[in-house]
Every structure is written in structure tokens, then in C-alpha cells.
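> Sharing a structure, written as C-alpha cells. Questions coming.
The values are calculated or read from the model by the stated rules, or taken from the named source; none is laboratory data. What you are looking at is a predicted structure, and each value in this text was computed from that prediction instead of being measured. Here Cβ is always computed from backbone atoms with ideal geometry, including for glycine, and neighbour counts include all displayed protein chains. SASA here: full protein model, heavy atoms, side chains in, ligands and nucleic acids out. Shrake-Rupley method; radii C 1.70, N 1.55, O 1.52, S 1.80 Å.
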Amino acid sequence: VEDSMGTELTSHKHNVAIKNVGVLTSGGDAPGMNAAIRAVVRTARYFGINVYGIQKGYSGLLKEEMTPLDDSSVDNLSQRGGTILQSDRCLEFMEKDGRNRAYEFIKKTNIDGLIAIGGNGTFTGAHKLWEEFQLPVIGVPGTIDNDIFGTDVTIGFDTAANTAMLAIDKIKDTASSHRRVFVIEVMGRNTGYLAMDVGLGVEADVILLPEKKKNIDDIAAKIDKKAKESGFNSSTIVVMAEGETSGLCNDVGRVLKDKYKLDTRVCILGHIQRGGAPTTRDRKIASIMGAMAVRDLRDGFTDIMVGISGWSPVRTPLLDAISKRKEMHNDLFLLADIMTL
Ligand code: F6P
């Protein structure tokens, strides 16, 4: 068996007979996490494995918050946004002492394997549980940012992109009525996956990405030129990734407003992008990955992330998923240049 990069995964095997699996969601929630939980529960039942839901991510291991999950606990779940298990960014679990305490609890519960749904921080925690205590673990990529190496898609990305796209479609109505410039910030942390897809989807005039920094004055000059050429009768949409710090869009807006005297508004879409009913695609990939995680755990895999590449399921060592950067396809940058000002 090979991972997505063609490396043998023989060092990613355990020999525990899996009977009781814990599942948790951690980090920023993402639409589709519930569908993944449902797939975990149903697949486990299929294989005769018990599932326990750990509440509030790794905090639940420290607070000893855990409940058995069966088919009835996961009925009508796929259409719900958020995560029924709730989430957390647990600082205590980042320390060895915290993890020792968490493992003491795990031993008491007879959990013999863990499925961790989330992003980088979540996988770091799972990797440590395998490394330090040899608890078999599998990661499932769930984040709206789509910034995980080893998978083309992460759970929640498609929904978030569509939410942002629909919101910007609405902004475009008022932008064109008032012939305004709108600078709209989308999430994505330090990556531009959301901004790229949303920007292309809404026919943005400018797409600003952390991966390809652009000079704001050059951008502003192009927007100014477009406004003048249309006799100030056009609107302009700038889609900007939040980057390291949310709010930088205000600086861009200020340049357009103060220096170029363009009628400009700034809009930060914010957490609206994290909520709502997941799209079909997110429900589907969540089901595939949730099911695969249980099967892989049962089949002796550990310390890996399940993912999807070119529409095929793939496995990636957790350490690679955590430490390697997923590059955006170069052609996309070219496409964005062609489609914008
Ligand atoms: O990782 C998901 C994400 O929504 C990012 O896009 C964003 O930068 C961050 O989480 C926001 O985190 P919080 O909800 O803690 O403000």
C-alpha cells in the first residue's frame, strides 16, 4: 500500500484489534464535519466496532467528556452545519503534561483508536498520541481553508466557497447600482484557495492572494483606469484573502478611497463562511473520508491522513500532511491574471 506520494506506508501500521474508536472534531469547524461523524459511526457499526464521541476536540479528553454514538445519534445529521461534537483549540493538549492526562483518560475508557477530524493543529495532536503513546490514529481533513497537503479537497471548503460566492453575488448588485468599488475579504488563513475559487466564481476584477503578493498602487491604478474609462459608470469587485491577519483589506480600501478618491466600501465576510448546510460535494467527500478512516484504522493503519486526490482515495503520513505545503497549480495564477484587470 502506498501513500499519495508513492512512499511505502509499512511504518504506518499498528497491530491492535480495534474494538472501540473515539472520534473528535478540533480546530475551526467546517460544514460537512457532521456528515463525516455519521460515516464514522455507520462504518464502525458495519465492522462491529463501537464509537465514542469526544466533545470539544482534545479538551474533551481532558474534561472527560465522551458519549457513545450509535446510528440513532447520527440520524438526519448530514444537512447540519457545525459539529455535533463541538470543537476547540486546546492549548493544554499542546503540552506533554496535558497529553499525559488525556492518555490516562483514554486508558480508562478502553478506546483503542482515534479518528481526528480537523486541520493542521488537529493532526499534530493526533500524531503526538501515536508517537508518545502508540495510540492508533487516523486524521480526516476538515477545514474550510483547503490548505492541507495530501488531499485535493478538505471537508467544508466547497460549502464555504459557495457561501462566499453567493454573498458576493449579492454585494455585486448594490456595487453596480452605486458604481462602487468593493474590497471583500474571504477567509483562508495564510492561503488563497478560497479567494482563488471565489474570485473566479464571482468574476472578480482583482484577486489578492498571499501566494502572489501584488503592489497595491498598481492594483489601485488599474481600478482607477477602469473607473475613468467607463465614465465612473462601473463597479469593481476585489476579492482578497485574509492572509496572516484579518483586516488588511481595510488598508487596501483606504488607498482606493483616500489616494484615488474612489467610492469604496470594505466587507469582511468572516465566520458566515464557516456555517450553513454543507453542499452535496462536502457531504459526499465527508462520507468517503469518514468511512475510509474507520476501515483504515481497522485494517491496521495509523499516523496517516485519509484524503482524495484526482477523485481517488489516498493516504498521506500525518507528518507530511502537517509539515508540507500544498502548492496551488501554477495555471490557476495564470488564469486569474487572464480573468482579472
Ligand atoms: O481555519 C479556519 C478558519 O476559519 C480560518 O479561515 C480563519 O483564519 C480562522 O479559522 C479563524 O479562526 P477563529 O474562528 O478562531 O477566529
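> Any number yet on Rg/Rh for region 194-275, C-alpha, Kirkwood?
On the way: Rg = 12.8 Å, Rh = 13.4 Å.
Taking Rg over the Kirkwood Rh, I get 0.96.
> When the Kirkwood hydrodynamic radius is evaluated over all pairs of different C-alpha atoms of region 188-328, what value in angstrom, to one decimal, is obtained? Mind showing how you got there, number by number?
Working: mean 1/r = 0.0550 Å⁻¹.
Roughly 18.2 Å, rounded to one decimal.
> OK, next. How big is the antiparallel share of DSSP beta bridges in the chain, given as a percent to the nearest 5? Don't jump to the answer; show the numbers that get you there.
Working: 13 of 44 bridges.
The antiparallel proportion sits near 30 percent.
> Are any of the pairs 222/257; 63/284; 13/96; 170/324; 222/326 more than 26 Å apart by Cα-Cα distance, and if so, which? Can you show the working numbers first?
Working: 222/257 14 Å; 63/284 32 Å; 13/96 24 Å; 170/324 37 Å; 222/326 31 Å.
Flagged as over cut-off: 63/284; 170/324; 222/326.
> Something else: List residues of region 316-341, by number, whose backbone nitrogen lies under 17 Å from a label position 7 Å along Cα→C-beta of residue 190.
In region 316-341, the label zone of residue 190 (backbone N under 17 Å from the point 7 Å along Cα→Cβ) covers 320-328.
> Going Cα to Cα from residue 228, which aspartates and glutamates come in below 17 Å? Please leave out same-chain ones fewer than 8 positions away.
Those aspartates and glutamates meeting the cut-off are 205, 217, 218, 258, 263.
> Within region 299-341, list the chymotrypsin sites (Phe, Trp or Tyr not before Pro) lying in a DSSP loop whose Cβ has at most 13 other Cβ atoms in a 10 Å radius.
Working: sites: 301, 311, 333; in loops: 311.
Those that pass, being in a loop and sparsely packed, are 311.
> Got a sec? Charge dipole of the chain, +1 on Cβ for Lys and Arg, -1 for Asp and Glu; which of 333, 14, 313 is way out at the positive end?
333
> Let me ask something else. Quantify how much of the Cα-Cα distance distribution of the chain extends past 32 Å, in percent. Provide the component values of the computation, followed by the final result.
Numbers: 20001 of 57970 pairs.
Percent of Cα pairs beyond 32 Å in the chain: 35.
> Taking 0.36 nm per residue of sequence separation and subtracting the Cα-Cα distance, how much length would be gained by fully extending the chain between residue 20 and residue 272, in nm to one decimal? Before the final figure, lay out the partial values.
Working: separation 252, 0.36 × 252 = 90.72 nm, distance 3.55 nm.
Additional length available on full extension: 87.2 nm.
> With every protein chain left in place, what is the accessible area of residue 267 in Å² (1.4 Å probe, nearest 10)?
40 Å²
> In addition: Rounded to whole Hz and in sequence order, give me ³J(HN,Hα) for region 239-254 from the Karplus expression 6.51 cos²θ - 1.76 cosθ + 1.60, θ = phi - 60°, writing x for Gly and Pro.
Each residue's phi maps through the Karplus curve to give 9, 10, 6, 5, x, 4, 10, 5, x, 5, 4, 5, 5, 4, x, 5 Hz.
> Can you give the Rg to Rh ratio of region 82-175, both from alpha-carbon atoms, with Rh computed by the Kirkwood formula?
Working: Rg = 17.5 Å, Rh = 15.4 Å.
When Rh is taken as the Kirkwood radius, the ratio is 1.14.
> If you bin the C-alpha pair distances of region 135-246 every 5 Å from 0, what whole percents do you get?
P(r) for region 135-246, in whole percents per bin: 2, 12, 19, 20, 17, 12, 7, 4, 3, 1, 1, 1, 0, 0.
> I've got another one for you. Under 15 Å Cα to Cα from residue 56, which aspartates and glutamates show up? Leave out anything in the same chain fewer than 8 places away.
Leaving aside aspartates and glutamates fewer than 8 places away in the same chain, those within reach of residue 56 are 29, 64, 65, 88, 92.
> Another question about this same structure. What distance in nm separates the simple spin-label points at residue 254 and residue 107, each placed 7 Å from Cα in the Cβ direction?
Each label point lies 7 Å from its Cα, and together they span 5.5 nm.
> Shifting gears a bit: Just want the answer: with Cβ charges of +1 for Lys and Arg and -1 for Asp and Glu, which residue in 59, 143, 69 is farthest toward the dipole's positive end in region 51-155?
59
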